[in-house]
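The values are calculated or read from the model by the stated rules, or taken from the named source; none is laboratory data. Keep in mind the model is a prediction, meaning the values are calculated, not measured. Neighbour counts run over all protein chains shown; Cβ positions are idealised from the backbone, glycine included. To get the accessible areas, we keep the full protein, side chains included, count just its heavy atoms, and leave off ligands, DNA and RNA. Shrake-Rupley method; radii C 1.70, N 1.55, O 1.52, S 1.80 Å.
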Amino acid sequence: MTPIELSIFISRVEAICQEMGVVLRRAAFSPNIKDRLDFSCALFDSRGELFAQAAHIPVHLGSMAYAMSAIVADLDWQAGDVLALNDPFLGGTHLPDVTLISPLFYRGKLLAFVANRAHHANIGAKSPGSMPISRFLDEEGLLIPPTFLMRAGRPVREEMDKLAAIDRRDDLTEGTVLGDFSAQISANRVGLQRLESLLDADGQESFLSGIGEINDYGERLARSGLSTIPSGSYSFADVMDDDGCGSEEIVIAASIEVAADSVRLDFSGSSGQVRGNVNCPISVTAAAVFYVFRCLLPEHAPACAGTFRRITIHAPEGSLINATRPAAVAAGNVETSMRIVDVVLGALVQAIPDLIPAASQGTMNNVAMGSRGTAGFWDYYETVGGGTGGHALGPGLAAVQSHMTNTLNTPIESVEMHYPLRIRRYQLREGSGGAGAHAGGDGLIREFEFLTPTEVTLLTERRTHAPWGLNGGEPGETGQNLLNGQPVQGKCQFTARTADRLTIISPGGGGWRAQTQAG
């Protein structure tokens, strides 16, 4: 392919991923997917290597890129198959994130796979929102090992019935789970149709050649980008507040060895896996690492397997960031992944200080809630934005979802239309970003009023340890959770009464460079 032809091919396959996302969003039932956009879509070659993705959620996409080859290997694929899985130790992230994979057969030959991953607010955990304060994986909901939901174009009724059993028969949620799975199946179907049209137009040889050239191009750009990082060894460590089950000051430590055009990351100094659910599967750790280095590459660098070939990761089995079964992992995907990003960025400050921002809010501020009693059956989940860190080119952003999440807030109108909730306050937390020549971005204040008794789970971080500043910049403000104006723990479960109010106050980002220094 000529450079122009390759550029067009990249745009076409990325557009397929984007259209898959549009279909998934439009067809989904739950606000978590259709309003918050908590989903991702990607394309893989016949070996399971990534060659295209939409600009969706880094923790979804990076973990799929890391694990897909092992997922699709040695299965007897047929045209019309749809495979589902959410097992965090077989390439998933946490149980609410369910991946659906469909093979592309063209003229009888397996050429590629389409896949999407979406977060289901109800995946069968006892606590509403399926993000419990858990100690073991089996407390977090329905575990789906690689399982065919459709075989040769026909539904596998036994497996579909298991998903239907998750649904609660109530006006608020009836049909939502199966509706969202149907939307995921539809998104994959559209992806297959568009790939078939591409093959019809360009031919099989051109298609396969294009996939290979995308990955070679990604590797060349990655090697060029990594070669700009000075060779050497760089280390950094940070601590998480707690795991909600008694463990505190949980260490994440990284050592990065940069040599010519490759990097190796070693997390050997990190804490062992803990009782609570902040444990991280290795696929999620890889996603956080891939995200950081992808951010250092040119904007036009394709997100593909080739882009990540020069990155190797060592993480001891049984550690916080390479947990083993049956560890609880619900918050590892959303909280620990954010802090891995902070740690890798903190190490790289020593090598390329002008390219690295101060710490972001370092949490997704997870709020899961709903009812399993007389108030009906319903599930709600969202993450709350905060501040990002200041950097050499300017201040941090205020009130955004950052790093490993790329979702939106749930619009107030959607919250109040679908659930017995009222949003009483939603505003900037002014002055919460760390001071500096380039200040950190401000956090948010979001206040919920409960219109019926509601079970609530909070999984939040940076309530004790503030987002760090750089070069003398001040740290951002820590976050805070309030129930009727009184502080509650960063990770907790409770039952709110009618008219109670929950206030989530998210952290600001760290500041960059002391204000007395030149900007």
Entirely in the stretch 1-105, the helices (runs of 4 or more DSSP H) that have 3 or more residues that are out of contact with any Leu (no Cβ under 8 Å at 6 or more places or on another chain) and more than 20 Å from Asp180 (Cα to Cα): 3-27, 58-72
Sole residue being closer than 18 Å to His403 by Cβ, more than 21 Å from the chain's Cα centre (by Cα), crowded, with 17+ Cβ neighbours inside 10 Å and among the β-branched types (Val, Ile, Thr), chosen from Ile256, Ile313, Ile252: Ile256
Extreme residue, farthest from Phe308 (Cα to Cα), among residues of the stretch 33-59 that are of a type in the set (Phe, Trp, Tyr) and over 13 Å from the mean Cα position of the chain (by Cα): Phe44
Flag if Leu296 is out of contact with any Lys or Arg (no Cβ under 8 Å at 6 or more places or on another chain), open to solvent by less than 10 Å² (accessible area, probe 1.4 Å) and over 24 Å from Ala112 (Cα atoms): no
Number of the exception - Lys126 against (1) part of a helix (DSSP H, G or I); (2) open to solvent by 60 Å² or more (accessible area, probe 1.4 Å): (1)
Evaluation of Met369 against (1) open to solvent by 30 Å² or more (accessible area, probe 1.4 Å); (2) closer than 22 Å to Leu444 by Cβ (one fails), failing number: (1)
Filtered residue count, the stretch 337-354, keeping only those that are assigned to a helix (DSSP H, G or I) and out of contact with any strand residue (DSSP E or B) (no Cβ under 7 Å at 6 or more places or on another chain): 6
Considering residues of the stretch 3-33 that are in contact with an Asp or Glu (Cβ under 9 Å, 6 or more places away or on another chain) and small (Gly, Ala, Ser) only, the residue modelled with the lowest pLDDT: Ser30
Any hit, the stretch 303-310, residues being basic (Lys, Arg) and surrounded by fewer than 18 Cβ atoms within 10 Å (Cβ to Cβ): yes
Among the candidates Leu85, Leu90, Leu111, residue that is out of contact with any Cys (no Cβ under 6 Å at 6 or more places or on another chain), open to solvent by less than 40 Å² (accessible area, probe 1.4 Å), under 24 Å from Ile282 (Cβ atoms) and not acidic (Asp, Glu): Leu85
Identity of the residue in the stretch 383-411, touching an Asp or Glu at 6+ places or on another chain (Cβ under 9 Å) and not in a loop (DSSP other than H, G, I, E, B), that ends up most open to solvent (accessible area, probe 1.4 Å): His391
Matching residues, the stretch 277-292, being of a type in the set (A, V, I, L, M) and in a helix (DSSP H, G or I): Ile282, Val284, Ala286, Ala287, Ala288, Val289, Val292
Boolean, Ile256 is under 25 Å from Asp138 (Cα atoms) and in a strand (DSSP E or B): no
Neighbours by Cβ (under 7 Å, 6+ apart or cross-chain): first from the stretch 318-336, on the phi < 0 side of the Ramachandran plot; second aromatic (Phe, Trp, Tyr) and open to solvent by less than 10 Å² (accessible area, probe 1.4 Å): Ser319/Phe267; Ile321/Phe267
Scan of the stretch 441-469 for residues that are farther than 25 Å from Glu248 by Cα, assigned to a loop (DSSP other than H, G, I, E, B) and open to solvent by 10 Å² or more (accessible area, probe 1.4 Å), ordered by number: Asp442, Leu451, Thr452, Pro453
Arg189 vs. criteria under 30 Å from Asp379 (Cβ atoms), open to solvent by 50 Å² or more (accessible area, probe 1.4 Å), modelled with pLDDT of 95 or more and not polar (S, T, N, Q): yes
Failed condition for Leu163, given (1) open to solvent by 10 Å² or more (accessible area, probe 1.4 Å); (2) modelled with pLDDT under 95; (3) not β-branched (Val, Ile, Thr): (1)
Sole residue being outside any loop (DSSP other than H, G, I, E, B) and surrounded by 15 or more Cβ atoms within 10 Å (Cβ to Cβ), chosen from Val239, Val329, Val274: Val239
Residue in the stretch 139-156 that is without any contact (Cβ under 8 Å) to a residue 40 or more places away in the chain and not small (Gly, Ala, Ser) present: yes
Selected residue (criterion: surrounded by the fewest Cβ atoms within 10 Å (Cβ to Cβ)) from residues of the stretch 93-108 that are touching a residue at least 40 places away in the same chain (Cβ under 8 Å) and under 29 Å from Thr410 (Cα atoms): Leu100
Considering residues of the stretch 1-20 that are of a type in the set (A, V, I, L, M) and open to solvent by less than 70 Å² (accessible area, probe 1.4 Å) only, the residue nearest to Arg194 (Cα to Cα): Ile16
